[in-house]
1. Taking the Cβ-Cβ separation of T7 and A181 as r and a Förster radius of 45 Å, what is the calculated FRET efficiency to the nearest 0.05?
2. Return the single residue from P164, P135, P85 with maximal mean-square fluctuation; model: Gaussian network over the chain, springs between Cα atoms under 10 Å.
3. Grab the DSSP H runs of the chain that are 4 residues or longer, score each as -39,500 (n - 2.57), total them, divide by all residues and round the 222 nm result to the nearest 500 deg cm²/dmol.
4. Using a Gaussian network model on the chain with a 10 Å cutoff between Cα atoms, which of K130, K156, K73 fluctuates the most?
5. Would you mind telling me which residue in G53, G34, G68 has the biggest mean-square fluctuation in a Gaussian network model of the chain, where springs connect alpha carbons within a distance under 10 angstrom?
6. Work out from phi, with θ = phi - 60° and the Karplus expression 6.51 cos²θ - 1.76 cosθ + 1.60, the ³J(HN,Hα) of each residue of segment 36-41, listed in order in whole Hz, and give x for Gly and Pro.
7. Starting from one equal scatterer on each C-alpha and no solvent at all, send me the Debye-based log10 I(q)/I(0) for the chain at q = 0.15, 0.18 Å⁻¹, two decimals.
8. Principal axes first, then extents: for the Cα atoms of segment 15-138, list largest minus smallest coordinate on each axis, whole Å, largest first.
Amino acid sequence: MTYAPSTYWDHFFRSRRQAGTDLDWGDQWTAVFGPILHAYHVQTVLDLGCGSGNDVRHFAHLGLAVVGLDYSKEALTYAAAKPSPSAYFVLADMAAGLPFPAACFDVVMANVAIHMFSDAQTRALVQDVKRVLRPSGVFLFHVNALEDRALRAQRKGPPRELEPNYVLEADGQTMHFFSDAYLRDLLREWRDVRLEFVEIGSGTRTTHSKKCVWCGVAQA
């Protein structure tokens with residue numbers, strides 16, 4: 001396993017919980033997906049890398065049946081302390097295979113959670129996402145863009161490159177940075193692929209002072 005172990009994320013979420021600083025992005029990642037959920041008459045959602053469960057809770061309160069998956073016990077303990085209707089949580093490593101039968105979700109969502117893995121692991125995960133989606137189901141995601149690499153290096157120091165655009169950072173976290181071309185190759189077997197480059201924060205793309213992500217929608 002090349003990506004950060006569950007103990008890394010257990011420490012991360014334990015520290016957050018003890019400090020009372022929940023990792024809650026509000027609707028920063030999910031707002032753009034609302035119209036899509038409505039248009040496709042979605043009923044069931046799988047949230048990959050759900051962390052402390054705030055996106056799960058948000059969609060559950062919209063009346064959707066939501067499953068949150070994470071492989072940090074601390075994250076899911078945090079999530080379980082915030083009960084939500086029609087939601088439950090599963091402890092599992094998404095890169096080791098999704099523990100669900102085929103064709104059981106209308107939507108699989110991953111907000112800044114699937115860019116932790118090598119090329120081979122990423123490709124296997126995307127295929128597994130397609131497996132658990134119902135026919136014409138939708139994959140919704142945000143991943144770090146290639147342009148975000150310089151910003152993270154400024155914050156975390158020079159990383160060690162494990163594969164092209166897949167790095168090990170000084171604190172033990174791994175990070176995969178995505179280009180438009182890579183994403184389109186990754187999703188070449190999907191239908192209606194839509195990608196949008198999104199900048200978050202202050203500054204300009206030229207100076208790489210904004211966080212840069214790809215927002216993606218793909219239909220199985």
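1. Values: r = 35 Å, r/R0 = 0.77.
Efficiency computed from Cβ-Cβ geometry: 0.85.
2. P164
3. -8500 deg cm²/dmol
4. Result for the chain, Cα springs under 10 Å: K156 fluctuates most.
5. Highest fluctuation among the options: G34.
6. The phi angles translate into 5, 4, 5, 5, 8, 6 Hz.
7. -1.02, -1.53
8. Rounded to whole Å, the extents work out to 42, 33, 23 Å.
Bear in mind these aren't lab numbers, they're just calculated from the coordinates by the rules spelled out. What you are looking at is a predicted structure, and each value in this text was computed from that prediction instead of being measured. Note that we place each Cβ from the backbone using ideal geometry, even for glycine, and neighbour counts take in every protein chain shown.
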